[in-house]
Amino acid sequence: MPQTADVVVIGGGLHGCSTALHLVLRGLRVVVVEKDHAGRHASGVNAGGVRQLARHPAEIPLSIASMELWERIEDLVGDDCGFSSHGTVLVAESEAELAGFRARVDDLRLQGYTHEEPIDRAELRRLVPAVADHCPGGVVSRRDGAADPFRTTQAFRRRAVEKGAEVIEGTTVTGLARHGAVWRVTTSAGVIEAPKVVNAAGAWADRIAAALGEPVPLEVFAPMLMVTSPLPAFIDPVVILRSRKLSFKQRDNGTVVIGGGHRATPHRDENRTVIDWRALATSARTVWELFPVMRAATIVRAWAGIEARMPDDLPVVGPSATSEGVYHQFGFSGHGFQLGPATGAAMAELIVTGATNIPLEALGIRRFQRAARQS
């Protein structure tokens with residue numbers, strides 16, 4: 001194991017590997033320390049949605065920048081990551097819900113964002129012919145799509161290593177302390193000294209932040225997914241709901257991945273989750289009601305990944321408020337996969353130049369200190 005680096009990245013998920021790649025592309029020596037293996041948790045087991053649609057305004061600039069990278073992902077990492085662009089459709093189940101969606105689109109346009117487009121019943125039927133008759137319309141983001149999450153994480157890891165990064169897996173960070181101009185990162189395999197450290201430790205990132213004197217209200221959670229046996233092709237876009245928990249897409253091999261936010265029980269110190277079959281049955285019921293074509297489908301597998309969620313559902317991205325040379329990149333709250341490419345680029349830019357063209361102020365860790373003072 002190397003004893004020194006320019007940057008130590010703690011966490012080998014998509015975000016850690018993306019930041020490592022963008023840092024080595026800028027000429028820095030980077031070591032990634034991962035306690036399990038790259039993509040073991042949230043990065044490798046999520047639904048793979050590449051979605052700009054229905055994001056908080058604070059995330060939209062990062063999401064738009066990331067979409068630019070997704071559309072040339074093979075140039076960046078040497079693998080197309082299974083990315084395909086068929087759009088994402090947010091389905092309304094009532095006229096009142098559709099009116100709310102249209103009001104959001106109008107507000108986004110006043111802010112200069114045009115990626116969300118309201119659609120009426122006829123366009124919804126054209127995009128999603130199998131949807132139930134009671135749905136009056138929705139919103140589409142036509143450049144959105146989906147990719148293979150584990151393949152994507154491995155592609156970023158592989159390209160980072162090809163360009164000079166070292167990825168040390170099966171090694172746990174046990175301490176972080178400032179010594180003069182460098183940070184001493186103590187691991188289960190030895191000590192690495194570096195002037196910069198990135199905390200991309202996912203569901204374990206709050207422990208690193210707390211050790212630096214900036215505790216955050218991170219919630220450990222475990223979104224569940226399930227997949228069906230292959231079906232004849234019947235849908236191209238990714239479909240999501242807001243009134244009920246559902247995300248839904250059909251892969252090229254005909255299988256259908258169903259998610260949306262129902263949770264398993266996470267045990268982060270044991271690296272395991274316990275599936276809630278009753279909640280999965282609720283997801284299956286929602287699909288049964290919205291897509292009659294799915295009523296004969298067979299569920300063949302279910303799983304969950306351990307992730308980090310923040311109270312405002314926004315990630316923590318930016319410099320530490322207490323510790324010079326430390327940067328945070330965690331808490332993506334179940335929707336960080338699409339953001340991975342651009343967040344790594346922005347973090348590398350921030351570390352190398354001290355600034356980034358992508359506005360990150362609303363995602364900084366100081367927001368929790370302000371909230372604590374006001375409570």
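The values are calculated or read from the model by the stated rules, or taken from the named source; none is laboratory data. In this text the structure is predicted, and so the values were computed from the model without any measurement. Ideal geometry is used to build each Cβ from the backbone, glycine not excepted, and the neighbour counts take in all protein chains shown. The protein model used for the area step is the full one, side chains on, heavy atoms only, and it has no ligands, DNA or RNA in it. Shrake-Rupley method; radii C 1.70, N 1.55, O 1.52, S 1.80 Å.
Quick notes on this one:
- Residue identified as within 15 Å of the chain's Cα centre (by Cα) and open to solvent by 10 Å² or more (accessible area, probe 1.4 Å) among 368, 332: 332
- The range 168-189, subset among the β-branched types (Val, Ile, Thr) and buried (at least 21 other Cβ atoms within 10 Å of the Cβ), residue farthest from the chain's Cα centre (by Cα): 185
- Listed here are the helices (runs of 4 or more DSSP H) enclosed by the range 260-375 that have at least 3 residues being closer than 28 Å to residue 70 by Cα: 340-353.
- Within the range 264-315, restricting attention to residues that are open to solvent by 70 Å² or more (accessible area, probe 1.4 Å) and among the hydrophobic types (A, V, I, L, M, F, W, C), the residue that is farthest from the chain's Cα centre (by Cα) is 296.
- Of all residues making up the range 33-67, the number that are part of a loop (DSSP other than H, G, I, E, B), under 12 Å from the mean Cα position of the chain (by Cα) and among the small types (Gly, Ala, Ser): 3
- Single condition residue 71 does not satisfy, out of (1) out of contact with any Gly (no Cβ under 8 Å at 6 or more places or on another chain); (2) closer than 17 Å to residue 162 by Cα: (2)
- Exclusive hit being of a type in the set (Gly, Ala, Ser), touching a helix residue (DSSP H, G or I) at 6+ places or on another chain (Cβ under 9 Å) and part of a strand (DSSP E or B), set 175, 164: 175
- Residue 74 being surrounded by fewer than 17 Cβ atoms within 10 Å (Cβ to Cβ) and without any contact (Cβ under 8 Å) to a residue 24 or more places away in the chain: yes
- Only one entry in 58, 99, 54, 103 is surrounded by fewer than 21 Cβ atoms within 10 Å (Cβ to Cβ) and under 22 Å from residue 205 (Cα atoms), namely 58.
- Criterion (open to solvent by less than 20 Å² (accessible area, probe 1.4 Å), at pLDDT below 95 and either farther than 30 Å from residue 28 by Cα or of a type in the set (Asp, Glu) (or both)) met by exactly one of 92, 132: 132
Here is a yes/no grid of residues against (1) within 19 Å of the chain's Cα centre (by Cα); (2) part of a loop (DSSP other than H, G, I, E, B); (3) closer than 16 Å to residue 52 by Cβ:
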residue: 104; (1), (2), (3): no, no, yes
residue: 124; (1), (2), (3): no, no, no
residue: 133; (1), (2), (3): no, yes, no
residue: 150; (1), (2), (3): yes, no, no
residue: 154; (1), (2), (3): yes, no, no
